[in-house]
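**Student:** Have a look at this one before I ask anything.
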Amino acid sequence: MTGNDAVLALMVVTALGFDFTNGFHDTGNAMATSIVTGALPPRVAVAVSAVLNLVGAFLSTAVAATIANGLVASGEVTLTVVCAGLTGSILWNLATWYLGIPSSSSHALIGGVIGATVAAAGSSAVKWQGLVSKVIVPAALSPFIAGLVAVAGTLLVARITRDVSELPRERGFRLGQIGSASMVSLAHGTNDAQKTMGVITLALIANGTLPAGAKAPDWVILSCAVAIALGTYAGGWRVIRALGKGLVEIAPPQGMAAESASAAVILCSTDFGYSLSTTHVATGSILGSGVGWKGAVVRWQLARRMVTAWLFTLPAAALVGAAAYWVANGIGGTAGVVVIFVVLVLASVAFFAASRYPAVTPENVNAAWTGSVIPESAAAKAKGKAKDEVGS
């Protein structure tokens with residue numbers, strides 16, 4: 001294997017690693033409301049979502065084309081740039097997942113790649129018009145559009161079912177949630193899996209393996225679909241808890257309205273090739289369902305925290321991507337890429353280890369919200385264990 005082949009292989013592994021983090025980071029977008037209302041058991045919910053993400057990844061490649069050809073000049077991109085950009089996006093994904101903040105995996109990826117590209121070739125290598133029209137404008141509008149659709153849907157549901165007794169209404173909407181949550185998972189696969197396909201295709205073009213403007217090969221589509229499905233099945237319980245229990249106290253009618261709104265907006269954006277953040281859409285829909293449901297509790301402080309994270313996602317991932325490029329380029333060659341890859345692996349292990357003390361699991365993900373993503377019982381158990389260790 002030549003040095004260039006080794007770098008290409010590391011880049012593909014890193015890209016699939018990002019796709020895996022995208023899966024578990026964004027599972028809550030589809031399944032948080034169904035889990036919290038009891039429409040689906042937690043483990044069944046993530047399994048259903050994983051299968052539908054896999055299927056959805058094969059339904060469209062419009063978003064992949066946007067990432068591969070619409071944001072940066074492919075002639076200025078090298079394999080080192082792509083590896084560095086992926087490093088920035090994965091680290092942001094892991095940091096926000098650990099904190100239980102449902103930020104955008106899509107914007108982390110785009111920010112990381114743009115930051116590394118600017119560090120390598122300057123700002124002229126970025127297609128700023130494409131970035132604004134295909135990423136920033138949809139990011140700003142999508143939460144409001146999804147929220148308005150969810151408000152309208154929730155009000156309509158409340159009006160239609162106002163004379164139905166509570167028990168059959170709750171049971172019926174739980175069944176409806178299975179269908180609406182499944183549609184969100186399918187829509188997520190059609191949008192988010194495409195982004196990693198686009199990045200790998202961009203790297204293959206940069207390496208000369210594919211001609212400029214080429215579409216994603218079949219093996220890229222298949223591997224990305226499998227990676228995001230496996231990540232989805234892993235759960236991402238911290239983000240699921242924040243969206244399902246922290247943002248709004250959700251009843252089944254709200255959950256169905258929110259999920260239906262999310263699916264509609266995501267599928268429309270995929271058709272137009274917009275690299276939309278499914279996190280922004282899902283969060284806007286959940287907030288909209290809270291606004292539209294009389295007596296619902298909406299925790300606006302947590303919502304503001306999420307919006308703050310959204311504002312920092314693109315620039316933060318870009319800075320880390322740029323820093324990773326400078327390190328890799330400073331060392332030079334294959335060795336530089338290997339160094340940032342090793343740092344990325346070590347950081348990933350550290351985040352995972354830290355997340356286990358205490359852990360959010362399928363068993364406690366629905367525990368009462370006490371202001372923290374960590375359930376109170378798990379936090380108390382971890383504190384007691386720490387005291388025991390100090391005493392011994």
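**Student:** Just the number please: accessible area per residue for the chain, 1.4 Å probe, all protein chains included, in Å².
**Tutor:** That works out to 40 Å² per residue.
**Student:** Rounded to the nearest 0.05, what FRET efficiency do LEU59 and ILE160 give with R0 = 41 Å and r taken as the Cβ-Cβ distance? Could you check?
**Tutor:** Between LEU59 and ILE160 the formula returns 0.85.
**Student:** How many angstrom lie between the Cα centre of segment 1-33 and the Cα centre of segment 168-242?
**Tutor:** Using only Cα atoms, the two centres lie 11 Å from each other.
**Student:** Sticking with this structure for a sec: DSSP loop trypsin sites (Lys or Arg not before Pro) in segment 99-188 with at most 15 other Cβ atoms within 10 Å of their Cβ, which ones? Write down the numbers at each step before the final one.
**Tutor:** Values: sites: LYS127, LYS134, ARG159, ARG162, ARG169, ARG171, ARG174; in loops: LYS127, ARG162.
Hits after loop and neighbour filter: ARG162.
**Student:** Moving on to the next point. Show me, for segment 315-324, the HN-Hα J-couplings you get by feeding each phi into the Karplus relation (A = 6.51, B = -1.76, C = 1.60, θ = phi - 60°), rounded to Hz, glycine and proline as x.
**Tutor:** Whole-Hz 3J(HN,Hα) from phi for segment 315-324: x, 5, 5, 5, 5, 5, x, 5, 4, 5.
**Student:** For ASN366, what charge total do you get from the other residues with a beta carbon under 11 Å from its beta carbon, if Lys and Arg give +1 and Asp and Glu give -1? Please list the in-between numbers first.
**Tutor:** Working: positive: ARG241, LYS245; negative: GLU363.
Computed value for this residue: +1.
**Student:** Not counting ligands, DNA or RNA, and with a 1.4 Å probe, what is PHE58's accessible surface area in Å² rounded to the nearest 10?
**Tutor:** 110 Å²
**Student:** Right, next: Any chance you could check the Cα centroid distance between segment 303-380 and segment 89-158 for me, in angstrom?
**Tutor:** Computed from Cα coordinates, the inter-centre distance equals 17 Å.
**Student:** Shifting gears a bit: So, in the chain, how many Lys pairs have Cα atoms under 30 Å apart, if the pair is 8 or more places apart or on different chains?
**Tutor:** Summing the qualifying lysine pairs gives 11.
**Student:** If you plug each phi of segment 79-93 into the Karplus form 6.51 cos²θ - 1.76 cosθ + 1.60 with θ = phi - 60°, what whole-Hz ³J(HN,Hα) values come out, in order, with x for Gly and Pro?
**Tutor:** 4, 5, 4, 5, 4, 5, x, 5, 4, x, 6, 5, 5, 5, 4
**Student:** Under a crude label model (7 Å from the Cα following the beta-carbon direction), how far is ALA347 from VAL13 in nanometres?
**Tutor:** Result: 1.7 nm between the two label points.
**Student:** With a point put 7 Å past each Cα toward its Cβ, work out how far PHE312 is from VAL297 in nm, to one decimal.
**Tutor:** 2.7 nm
**Student:** Could you check how much of the accessible area of the chain is carbon and sulfur, as a whole percent, using a 1.4 Å probe?
**Tutor:** Answer for the chain is 68 percent, counting heavy atoms of protein chains only.
**Student:** Determine the sum of side-chain charges near GLY28: Lys and Arg each +1, Asp and Glu each -1, restricted to other residues whose C-beta is under 14 angstrom from that of GLY28.
**Tutor:** That sum, taken over residues with Cβ under 14 Å, equals 0.
**Student:** For SER277, what residues show an amide H to amide H distance below 5 Å, using hydrogens built from the backbone and excluding near sequence neighbours?
**Tutor:** none
**Student:** Hey, can you rank 197-203, 292-298, 108-114 by average C-beta count inside 10 Å, highest first?
**Tutor:** Ranked by mean Cβ neighbours within 10 Å, highest first: 108-114, 197-203, 292-298.
**Student:** HN-Hα J couplings of segment 94-110 from phi, Karplus 6.51/-1.76/1.60, θ = phi - 60°, integer Hz, Gly and Pro as x?
**Tutor:** 5, 5, 6, 4, 4, 7, x, 9, x, 8, 8, 5, 4, 6, 4, 5, 5
**Student:** Moving to a separate point now. Going highest first, how would you order 185-195, 247-257, 300-310, 45-55 by mean Cβ packing within 10 Å?
**Tutor:** Working: 185-195: 29.0, 247-257: 26.4, 300-310: 15.5, 45-55: 23.1.
Most protected by this proxy first, the peptides run 185-195, 247-257, 45-55, 300-310.
**Student:** Also: Tally Lys/Arg at +1 and Asp/Glu at -1 over every other residue whose Cβ is under 15 Å from the Cβ of VAL72; what's the total?
**Tutor:** Spelling it out: positives minus negatives among the neighbours equals +2.
**Student:** Just grab the label-to-label distance for ARG43 and ARG356, each label 7 Å out from Cα along the Cβ direction, in nm (one decimal).
**Tutor:** Going by the 7 Å Cα→Cβ label model, 1.9 nm.
**Student:** Do you know the relative contact order of the chain, to the nearest whole percent, from alpha carbon pairs under 8 angstrom that are 6+ apart? Provide the component values of the computation, followed by the final result.
**Tutor:** Numbers: 767 pairs, mean separation 130.4, N = 392.
Reported relative contact order: 33 percent.
The values are calculated or read from the model by the stated rules, or taken from the named source; none is laboratory data. This one's a predicted model, so the numbers in the text were calculated from it and none came from an experiment. Glycine also receives a Cβ, built like all others from the backbone with ideal geometry; neighbour counts cover every protein chain displayed. Keep in mind that these areas ignore ligands, DNA and RNA; they rest on the heavy atoms of the full protein, side chains included. Shrake-Rupley method; radii C 1.70, N 1.55, O 1.52, S 1.80 Å.
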